[in-house]
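Here the structure comes first, spelled out in C-alpha cells, and everything after it is commentary.
The values are calculated or read from the model by the stated rules, or taken from the named source; none is laboratory data. Bear in mind the structure is a predicted one, so any value in this text is a computation, not a measurement. Cβ atoms come from the backbone with ideal geometry, glycine included; neighbour counts cover every protein chain shown. The area values use the complete protein model at the heavy-atom level, side chains included, leaving out ligands, DNA and RNA. Shrake-Rupley method; radii C 1.70, N 1.55, O 1.52, S 1.80 Å.
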Amino acid sequence: MTALITADLVDLDVPSADRKTAVTALAERLVKAGRVTDLDRFLADTRPGNYRRLVDRLLGSARYGEHVGRSWLDAARYGDTHGLHLDNERSIWPYRDWVVDAFNSNMPFDRFTVEQLAGDLLPDPSLSQLVATGFNRCNVTTSEGGAIADEYRFKYGVDRVETTSTVWLGLTMGCAVCHEHKFDPIPQEDFYRFLAYFNSLTERAMDGNALLPPPSVKVPTAVERADLDSQRERIGRARSAIAAALPSITYTDPGPKSDTQPPKRRQLVWIDDQTPAGAKLQSSGDGGPWKWVTGTKPRPHSGKRSTRRTAKGLGQHFFTGAKPGLQVGKGDTLFAWVHIDLLDPPKQIMLQFHSGNWEHRAVWGEDRIAWGKSQTGSRRRLGDLPPLGEWVRLEVPVAQVALKPGDVIDGWAFTQFGGTVQWDPAGIVTPSHPGPRLFASLAAWSAQLAKSGKSGKHMPAEVVAAAKVPAEKRTPAQAATLKDHFLVHACRQTVPKFKTQAAEIESAEARIAAINKGLASSLIMKDMPKPRPTFVLKRGQYDIPDKTRPVQPGVPSALPPLPKDAPVNRLGLARWLIQPDHPLTARVTVNRFWQQFFGTGLVKTSEDFGAMGDRPTHPQLLDWLAIEFVESGWNVNHILKLIVTSAAYRQSSLRMWLTFQPDSTNSI
C-alpha cells in the first residue's frame, strides 16, 4: 500500500512522526483516548514490532468497537428517539450494542452487511440477526395528528433507499424520486425497483409515540437467558415427574352426583404474619408506611406479629397486586381482627377491598372518612367502634360491599381516622378455596368445563376442545388429555399428590414472567406475507401511482445484475452488495475507513461516488484496498491495521508546517 503513495512523500522528504506523537494519534483514532495508559511502557519497549503489538492491543480493546462503531451508527442515522413531532423515546439501543460487538469481534463485513439488511430473512434467524435489522428501523418516524399514513410510509421507504444506497453504494439515488437522475445513470424506475425491497414491511406508518412500535423483539442478556433456561428446565423436570406419576394412579369416577352437595364453608386466612404473594405494599395519609409489631402489649391475635398504625388524622396502609387473589362466592364473608387502643381510640375505622377498583368499603364509628356514598357498597356502615382494649373480629358480608360471585379481590386496605389501631389475621369464610374449584367426578368437571368453554394460562385450549366433545365420541387421545389434566389440576382426591410439582411449575412460570417483563427490546424488520404492489409515482407524489408502470424489486440497471437465483427480497439485495466483483461496495467502505483516520477519504465526497462526486486522489490505492478487503474475507481489522501501520499514516506533520507545504486535506 505504501508503494502506491510514497512517491509524494519521497519528493517532499517527509519523515515519520516521533513515537510519542504516533502512538497518541493512534489511540485517538482507534479508541478515542488521548493518552495510552501504558505509554511509558510502550516508549521503553524498543523491540522490533512494538508498534504493531500496540495496534493489536488497541484493536482488542472494548473501547475500539465503541469508537469505530460510532461512525457506522452515524451512517445508519441511529437515534434513541423517533426524531419527529413529540420525539418520544424508542428502544433500539440493542442494535447499537450489536454494532459495537460486531466491530469488537471483527465480524466479516459481508456478514455485517447481510445481517443488517436482511437478518430476519435468513433461515431460522438468531436473536442477534433479528436485532441487526435495526439498521433500517433507525429512520425518523411520526405519529403527529393530521399526518397521512400512506405519505409517511412512502417517506420511510425513500429514507431507506437513500440510506442503503449511500452507505453501501456511495450513490445519491434519492435524486431519482421525482424524475430521472440529472447526473448519474439512474432512471426513475430504478429508484422504485430499489424501493420495492422496503415496501412490504409490517411496521405501521404512525409510530403511536410508543417505545416499541412493532415489530420488535425482546433481547435478554446472557445472565437473563441463563435464568430463563434454568426456569424452563425446572418446568421440564416437574412435568416429567408428573408424567411419570400419572400411570400409577387408579381413579374411578364416583359419578356427577358426588359434586352436587354444597361444600362446607371454612375460614381462609389471607393476611397474617405476611401479606399475600405478589402484594405491593403502600400507605397514604398520616402514620407512615406499614409497621409490623411483635410483643405483648397487646400480643398478636395469631402468629408472631401484627400491623399497627398511629395517626392524628386520616391514614391507611394497603396493598394491591396479590396473586392469586381471593375469589368471592355467593354468601361469603370477609373478616379481620382488630385491636383498638384503650387510651387512644380512633374516630372511625374502615376496611376497603380492591376488585378492579376500591369502591367496596365497610366502616365503623363516627362519620369522619368521606370516601364512598353512604349506605351503598362503596361505604357501608356496619356499626359503632368495636370494644376498646381487646381483639375483636369484624365481619363483612360480601354482598354488603357490592362484591359479586366471581369477583377477585387482589388488594386490601386498613384505614383509620386518628388513634392507634392494630390489625391481625384477615381473610374470608367461603366454601371455595384459592384457585379453581376441585371436583370428585371427572364427568362433572368435564361437563362444567364444556359449558364454560374458557381456556387460558391454566386451562390449555386442547383440554377445553376435548371437553366439548361428547364422552362417547372422544378419541382415546382426547380422553387421556382430559383425564390427565383433571387428575393433576382439578381432582379433589389427587391434586394434593401433585402439589409440589404444580408449585414448582407455578414458581418457575412466575419467574419467567418477571424476567420477560423487565427485558430490553429492540425494533426489527419484518416483511408482510404477501408483498405490497409497487408502482412508479408520478413526480414522486405518494398518492399518484402510475398504474401502467408496476415494478418488481431490483438493483440499479447501470450496475452488475442480480444473480439469476437471487431471492426477490432484501436478502437477495444484501448478497448482491457483497459479490466479490461488485464495483462499489468494497471501494465505498474502505474509503469510509480511510476518512475515519485521515479526516478525508481518498474520494473526498464519501457519500457520492457518482458524476458529481470528487475523483479519487489515489485511484490505484483505492482499487488495491478494495481488492485486499474482499480477498481478506472482508476483514475489517486487517484493513484498519494496514492503514494505521502505513508510512502515510505515521508521517510527521511538522515538516509540512516548516516548509509551508499546504496539505489541509491529508491528500499527500
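For ASP623 and ALA243, a Förster radius of 56 Å and the Cβ-Cβ distance give a FRET efficiency of 0.25, rounded to the nearest 0.05. Extending 7 Å from the Cα toward the beta-carbon at both ARG615 and LYS404 defines two label points whose distance is 8.5 nm.
Dipole size of region 79-139 about its Cα centre, with +1 on Lys/Arg Cβ and -1 on Asp/Glu Cβ: approximately 80 debye, rounded to the nearest 20. Residue ranking by accessible heavy-atom surface, 1.4 Å probe, largest first, among CYS178, CYS491 comes out as CYS178, CYS491. In units of the compact-protein estimate 2.2 N^0.38 Å, region 144-197 shows a Cα radius of gyration of 1.20. When only alpha carbons are used to place a centre, region 528-581 and region 300-361 end up 67 Å from one another. Relative contact order for region 388-541: 16 percent, from Cα pairs under 8 Å spaced at least 6 residues apart, divided by residue count.
In this view, the solvent-accessible surface of GLU162, computed with a 1.4 Å probe and all protein chains in place, comes to about 80 Å². Taking a threshold of 32 Å on the Cα-Cα distance, which of the pairs LYS526/LYS604; LYS347/LYS404; LYS257/LYS499; LYS404/LYS451; LYS483/LYS517 fall above it? Correct reply: LYS526/LYS604; LYS483/LYS517.
Solvent-accessible area per residue in the chain equals 49 Å², computed with a 1.4 angstrom probe and all protein chains kept.
When you restrict to C-alpha pairs under 8 Å that are six or more residues apart and normalise by the size of region 552-664, the relative contact order lands at 16 percent. Straight-line reach from LYS32: taking Cα to Cα under 17 Å and skipping same-chain neighbours fewer than 8 places apart, the lysines in range are LYS20, LYS641.
For region 517-668, go through all pairs of different Cα atoms, get the mean of 1/r, take its inverse, and jot down that Kirkwood value in Å.
On the way: mean 1/r = 0.0517 Å⁻¹.
Roughly 19.3 Å, rounded to one decimal.
The dipole here belongs to region 548-599: it is taken about the Cα centre, uses +1 on the Cβ of Lys and Arg and -1 on the Cβ of Asp and Glu, and is about 120 debye.
Orientation-averaged projection of region 169-285 equals 21.7 nm² [convex hull of Cα atoms, one quarter of hull surface area]. Annotation for region 44-78 versus region 150-202: alpha-carbon center distance of 34 Å. Is the C-alpha gyration tensor of region 358-435 telling us rounded, prolate or oblate? Criteria: a/c under 1.5 is rounded; beyond that, a/b larger than b/c is prolate, otherwise oblate. The shape class here is oblate.
With both labels modelled 7 Å from their Cα along Cα-to-Cβ, the LYS304 to ARG225 distance reads 4.2 nm.
Counting only protein chain heavy atoms and rolling a 1.4 Å probe, the accessible areas of MET350, MET612 rank, largest first, as MET612, MET350. Between GLU509 and THR46, the FRET efficiency estimated from the beta carbon spacing at R0 = 56 angstrom works out to 0.30. With R₀ fixed at 41 Å, the C-beta to C-beta distance from THR548 to THR81 puts the FRET efficiency at about 0.50. When only Cα pairs below 8 angstrom with a gap of at least 6 residues are kept, the chain shows a relative contact order of 20 percent.
Specify whether the C-alpha gyration tensor of region 613-652 places it in the rounded, prolate or oblate class, a ≥ b ≥ c being the square roots of the eigenvalues: rounded for a/c under 1.5, otherwise prolate if a/b is larger than b/c and oblate if not.
Because a/c hits 1.5 or more and a/b fails to exceed b/c, region 613-652 counts as oblate.
The C-alpha radius of gyration of region 398-520, expressed as a fraction of 2.2 N^0.38 Å, stands at 1.42.
Counting only protein heavy atoms and using a 1.4 Å probe, what share of the accessible area of the chain belongs to carbon plus sulfur, as a whole percent? Heavy-atom surface of the chain belonging to carbon and sulfur, 1.4 Å probe: 54 percent.
Extent along the principal axes, Cα only, for the chain: 107, 67, 57 Å, with the longest axis given first. With both labels modelled 7 Å from their Cα along Cα-to-Cβ, the GLN493 to LYS264 distance reads 2.0 nm.
Here the dipole of the chain is about 2860 debye; that uses its Cα centre as origin and unit charges on the Cβ of Lys and Arg (positive) and Asp and Glu (negative). Kindly identify region 490-530 as rounded, prolate or oblate by the Cα gyration tensor criterion: order the square roots of the eigenvalues as a ≥ b ≥ c, call it rounded if a/c is under 1.5, otherwise compare a/b with b/c, prolate if a/b is larger, else oblate. Oblate is the answer for region 490-530, as a/c is 1.5 or above yet b/c matches or exceeds a/b.
When the surface is traced with a 1.4 Å probe over the full set of protein chains, LYS32 keeps roughly 100 Å² accessible. Positive-end ranking of THR548, ALA510, GLY406 along the dipole of region 401-552, with charges on Cβ about the Cα centre, is headed by THR548. A helix-only calculation puts the chain at -10500 deg cm²/dmol for mean residue ellipticity at 222 nm, using -39500 (n - 2.57) for each DSSP H run of at least four residues, averaged over all residues. Counted residue by residue at 0.36 nm each, then reduced by the alpha carbon distance between them, the extension gain from GLN541 to ALA447 reaches 27.7 nm. Counting Cα-Cα pairs of region 96-161 in 5 Å increments starting at 0 gives whole-percent bin shares of 3, 16, 22, 19, 14, 12, 8, 4, 1, 0.
With Cα atoms as the point set, region 448-585 shows a radius of gyration and Dmax of 28.1, 78 Å. With equal scatterers on the alpha carbons only and no solvent term, can you work out the Debye log10 of I(q)/I(0) for region 27-129 at 0.23 1/Å? Relative scattering, expressed as log10 I(q)/I(0), comes to -1.22.
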